[in-house]
Structure formats: structure tokens, C-alpha cells
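The values are calculated or read from the model by the stated rules, or taken from the named source; none is laboratory data. Bear in mind the structure is a predicted one, so any value in this text is a computation, not a measurement. As a convention, Cβ positions derive from the backbone with ideal geometry for all residues, glycine included, and neighbour counts pool all protein chains shown. Keep in mind that these areas ignore ligands, DNA and RNA; they rest on the heavy atoms of the full protein, side chains included. Shrake-Rupley method; radii C 1.70, N 1.55, O 1.52, S 1.80 Å.
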Amino acid sequence: MRIVVGAPGNGTILKDALKERLEADGRVDAVVDLSAPEITYPQVSFAAAREVVEGRADRAILICGTGVGTAIAANKVAGARAATAHDLLTARGAVENYDAQILCMGQNVIAAPAAWALVDVWLDARHDPSGFYGPKVEEIRAFEREG
């Protein structure tokens, strides 16, 4: 799995901790960090979402202060589905139910060990398009195609 990570300045500490764990995880083939010293949360979110939507990455993890700003910005990229999660149920459900490819978290909200527990669950989660939520995700895709 190819993972993109990114954060503005107020998410760097948590992003770096997760990046280190991802690089050592056997489920992950490559980790690409899109962060830069002066990058804003919208810039890094748009870039990460494009990497996923255009097929250069399988998933992305974005960190800001709360995880809300990065999710809002990433979701502006057509085809991107970003979810803010700070608990296991939401992290798993974001993928299994809604086919979210982008996990957003807040450095001011969650500690690194708890954030890694979410990432661990998120890496193993898969969406089943034939399941209950499959038609609803397709409804969202159809709306995006309409423009």
C-alpha cells in the first residue's frame, strides 16, 4: 500500500510519529511526505487528495490541529473521501462504510499511541461495494460526476 502523509506546522509532531511507524509497517510499501515548512493545511490536503484520486497513492493521512480543516479541504477534490476520526469505530467505519481513502486527525486532539491504534485499524479496513453502504457511496460518486 502506498501512503501519502501531510501536515502543516501544527500537525508535524503527530505526522512524524505516524510516518515513522508507517515506514516500519509491513503493510506499507511506500510513504510519501508532502509536508513543507510553510505549507498550509488546504495546500497539503489538496495535494494529498490529488495523489489518491489520480492513483499515485492508495490512501493518505492528514494531520492538522483538529483534523477538521484537512478533511474539509481534501473533500473539495472530486473523488476524494476524507474523514476525521479520533476513535476506532469511526476510523474503521470511514473505510468499511464510506470508502474513505483519507484519514484526518488532530494533533491537539489525540496522542500518538492512540492515533497509531486508529491507523492500525484503518490500514486493514476495506470497503465492500456490494454491502449496505455501497449504493450510497455510488450515489455520492454519481453526484460528483454531474458536476
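Spin-label pair residue 120-residue 32: with each label point 7 Å from Cα along the Cα-Cβ axis, the two points sit 2.8 nm from one another.
Computed over protein heavy atoms with a 1.4 Å probe, the carbon and sulfur contribution to the accessible area of the chain reaches 56%. Rounded to the nearest 20 debye, the dipole size of the chain about its Cα centre is 160 debye, using +1 on the Cβ of Lys and Arg and -1 on the Cβ of Asp and Glu. The structure shown yields Cα Rg over 2.2 N^0.38 Å, and of the options (i) 1.41; (ii) 0.96; (iii) 1.06 that calculated value carries the label (ii).
Across region 84-147, Cα pairs under 8 Å and at least six residues apart give a relative contact order of 40 percent. Pull out a ≥ b ≥ c, the square roots of the eigenvalues of the alpha-carbon gyration tensor of region 61-127, then state rounded if a/c is under 1.5, prolate if not and a/b is larger than b/c, and oblate in the remaining case. Cα axes put region 61-127 in the oblate bin. Between residue 13 and residue 58, the contour length at 0.36 nm per residue exceeds the Cα-Cα span by 13.9 nm. If R0 equals 22 Å, the separation of the Cβ atoms of residue 98 and residue 146 corresponds to a calculated FRET efficiency of about 0.70.
Mind listing which GluC sites (Glu not before Pro) in region 10-75 are in a DSSP loop and have 13 or fewer other Cβ atoms within 10 Å? Within region 10-75, the qualifying GluC sites (Glu not before Pro) (loop, at most 13 other Cβ atoms within 10 Å) are 38, 54. To the nearest 0.05, what FRET efficiency results for residue 138 and residue 1 with a Förster distance of 22 Å applied to their C-beta separation? The computed FRET efficiency comes out at 0.40. In loop segments of region 84-147 as defined by DSSP, the trypsin sites (Lys or Arg not before Pro) with at most 14 further C-beta atoms inside 10 Å of their C-beta are 126. Across the chain, Cα pairs under 8 Å and at least six residues apart give a relative contact order of 23 percent.
Each Cα pair under 8 Å and six or more residues apart adds its sequence gap; the mean of these over the residue count of region 1-80 is a relative contact order of 41 percent. Region 1-40 and region 102-129 have Cα centres lying 13 Å from one another.
Tell me the angle of helix 41-53 to the major Cα principal axis of the chain, expressed in degrees between 0 and 90 and rounded to the nearest ten. Tilt relative to the chain: about 50 degrees.
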